[in-house]
Structures are given as C-alpha cells and as structure tokens.
Amino acid sequence: TIISLDVLESHFICDLCKCKGQCCVDGASGAPIEPEEVESINEILPLIWDELSPRAQQIINDQGISYKDYDGELVTSIIDGDECVFAYFDDEGVCKCVIDKAYREDRIEVQKPISCHLYPIRLQKFRDFTAVNYHKWSICKPGVDLGKNEGVELYKFLKEPLIRRFGEEWYAELCEGAKLIKEVNR
C-alpha cells in the first residue's frame with residue numbers, strides 16, 4: 001500500500017448529526033463495491049428486503065444491487081441519481097445504511113461495502129499496490145471540525161474498517177509510521 005500523508009495527519013470524526021449522511025445521497029454514482037461483496041449482499045438480501053424503500057426494491061428488481069458507472073467501476077445501485085438503494089432515513093432525517101443496521105443488530109453477518117465503511121478514505125488499486133487516500137468533500141466539513149476539536153486523526157477514527165480491509169499487523173505498522181512522522185515533524 002501507499003498511504004497519503006493526509007490519512008495520517010488529517011483529523012476527522014464523522015458527525016452524522018450535522019452532515020445527515022449526505023455521502024450516501026450525493027455523488028455522481030453509487031459507492032464502489034467488490035464483486036464478492038455483491039455476491040454476499042445478494043445472499044442476505046431477503047433478510048433486509050422489507051427494510052428497503054419500494055423505489056429501492058424496484059431498482060434492485062430491474063438492475064440488481066450494483067451497476068458499472070461511467071468509469072466502468074462496479075458501484076451500488078442508486079435511486080434516481082441520488083441515495084444508495086440500501087439507504088434509509090431515521091426519525092431525525094439522517095441517512096443510514098440498512099445493511100449496517102442489520103449487521104449491528106446481529107441479524108446478518110455481512111457488513112456494508114468496505115468502501116462505505118472506510119469513507120472518507122478511498123482506495124485506488126494499481127497493478128502492484130493499493131493507494132490509500134483521503135477524499136476531501138465539503139459535506140464532510142463537520143467531521144473535520146469534530147475531529148480537530150477532539151484531536152482524533154482520520155486513521156484512528158477508521159481503525160475498525162482499516163483493520164477489516166488490511167489486517168491488524170498492517171494497522172499496527174500504520175500507527176508506527178504515523179508516530180515516526182509526528183516525531184520527525186516536531
């Protein structure tokens with residue numbers, strides 16, 4: 001992997017109360033999804049089907065849970081160019097994920113796509129390595145502000161998904177690298 005310094009040096013804590021989960025609604029296409037994730041989600045789809053909106057169900061029936069976007073990348077299906085088919089809105093109007101909700105309630109063993117779990121980190125795969133980058137987006141400004149106020153770096157906030165994707169040993173090395181960079185920059 002090649003890790004952007006922004007991942008190590010930027011502060012971030014997702015502030016859903018302020019951003020309302022706009023990352024699941026706005027954007028040019030759905031969230032990146034791996035073929036094996038499509039397979040896993042299709043297997044648990046009957047367990048979450050009734051929690052999906054009627055429009056999401058229609059889109060999934062018509063095109064499936066994913067499609068190839070304008071870049072040829074496999075992404076989650078979206079509703080009328082807006083929210084992900086797995087999105088729902090809670091009583092406060094915050095957009096959340098049906099898959100994540102069911103997983104956290106121990107009703108399914110499948111987690112939401114890793115690209116969603118890692119956001120605002122985005123992975124870019126090359127032939128010999130994976131680039132780990134911080135995707136800066138204005139809708140995430142409340143998360144930047146909260147991270148700065150609490151003194152939490154992006155890579156620490158995203159410990160769980162980083163370990164999920166790369167493993168504990170990799171994450172320990174990442175932390176050691178971040179520590180060395182801080183010492184050098186003092």
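Which angle between 0 and 90 degrees, to the nearest 10, do you get for helix 35-48 versus the longest principal axis of the chain when only C-alpha atoms count?
Long axis of 35-48 versus the principal axis of the chain: about 50 degrees.
Calculate how steeply helix 168-185 sits against the longest principal axis of the alpha-carbon atoms of the chain, using the helix alpha-carbon long axis, and give the answer as 0 to 90 degrees to the nearest 10.
It works out to around 40 degrees.
Taking N as the number of residues in the stretch 105-186, what value does Rg over Cα atoms divided by 2.2 N^0.38 Å take?
Its radius of gyration relative to the 2.2 N^0.38 Å reference: 1.23.
Which whole-number value in Å² is the accessible area per residue of the stretch 41-146, probe 1.4 Å?
Counting only protein heavy atoms, the per-residue value for the stretch 41-146 is 55 Å².
Once the Cα gyration tensor of the stretch 1-44 is found, what semi-axes does its equivalent ellipsoid get, as square roots of 5 times the eigenvalues, in whole Å, sorted largest first?
Three semi-axes, in Å: 25, 19, 11.
Using θ = phi - 60° and the Karplus relation 6.51 cos²θ - 1.76 cosθ + 1.60, list the HN-Hα couplings for the stretch 16-28 in order, rounded to whole Hz, with x at every Gly or Pro.
3J(HN,Hα) across the stretch 16-28, in whole Hz: 4, 4, 9, 7, 6, x, 4, 5, 8, 10, 8, x, 7.
How much mean residue ellipticity at 222 nm does the chain get from its helices, if each DSSP H run of length 4 or more adds -39500 (n - 2.57) and you divide by all residues, to the nearest 500 deg cm²/dmol?
Mean residue ellipticity, 222 nm, calculated: -12500 deg cm²/dmol.
Using Cα centres only, tell me the gap between the stretch 112-126 and the stretch 76-103 in whole Å.
Using only Cα atoms, the two centres lie 17 Å from each other.
If you take the C-alpha gyration tensor of the chain, multiply each eigenvalue by 5 and take the square root, what semi-axes do you get, largest first, in whole Å?
Square roots of five times the eigenvalues give 30, 19, 15 Å.
Convert each backbone phi in the stretch 87-102 into a coupling constant with the Karplus relation 6.51 cos²θ - 1.76 cosθ + 1.60 (shift: θ = phi - 60°), then list the ³J(HN,Hα) values in order as whole Hz, x for Gly and Pro.
So the Karplus estimates, Gly and Pro as x, are 7, 9, 10, 7, 4, 8, x, 8, 7, 9, 10, 4, 4, 4, 4, 5 Hz.
What are the GluC sites (Glu not before Pro) within the stretch 22-78 that DSSP puts in a loop, where the Cβ has at most 16 other Cβ atoms within 10 Å?
When the GluC sites (Glu not before Pro) of the stretch 22-78 are filtered for loop state and at most 16 Cβ neighbours within 10 Å, Glu73 remain.
Output wanted: per-residue J couplings in Hz (rounded whole) for the stretch 107-117, from phi through Karplus 6.51 cos²θ - 1.76 cosθ + 1.60, θ = phi - 60°, x for Gly and Pro.
Calculated HN-Hα couplings, in order: 8, 9, 9, 8, 8, 4, x, 4, 5, 6, 5 Hz.
Quantify, in whole percent, the carbon and sulfur part of the accessible surface of the stretch 1-107 (1.4 Å probe; protein heavy atoms only).
Reported share for carbon and sulfur atoms: 48 percent.
The values are calculated or read from the model by the stated rules, or taken from the named source; none is laboratory data. This structure is a prediction, so every number in the text was calculated from the model and none was measured. Please note: Cβ atoms are built from the backbone with ideal geometry, for glycine as well, and neighbour counts cover all protein chains shown. Just so you know, the surface numbers come from the protein's heavy atoms only, side chains and all, with ligands and any DNA or RNA stripped out. Shrake-Rupley method; radii C 1.70, N 1.55, O 1.52, S 1.80 Å.
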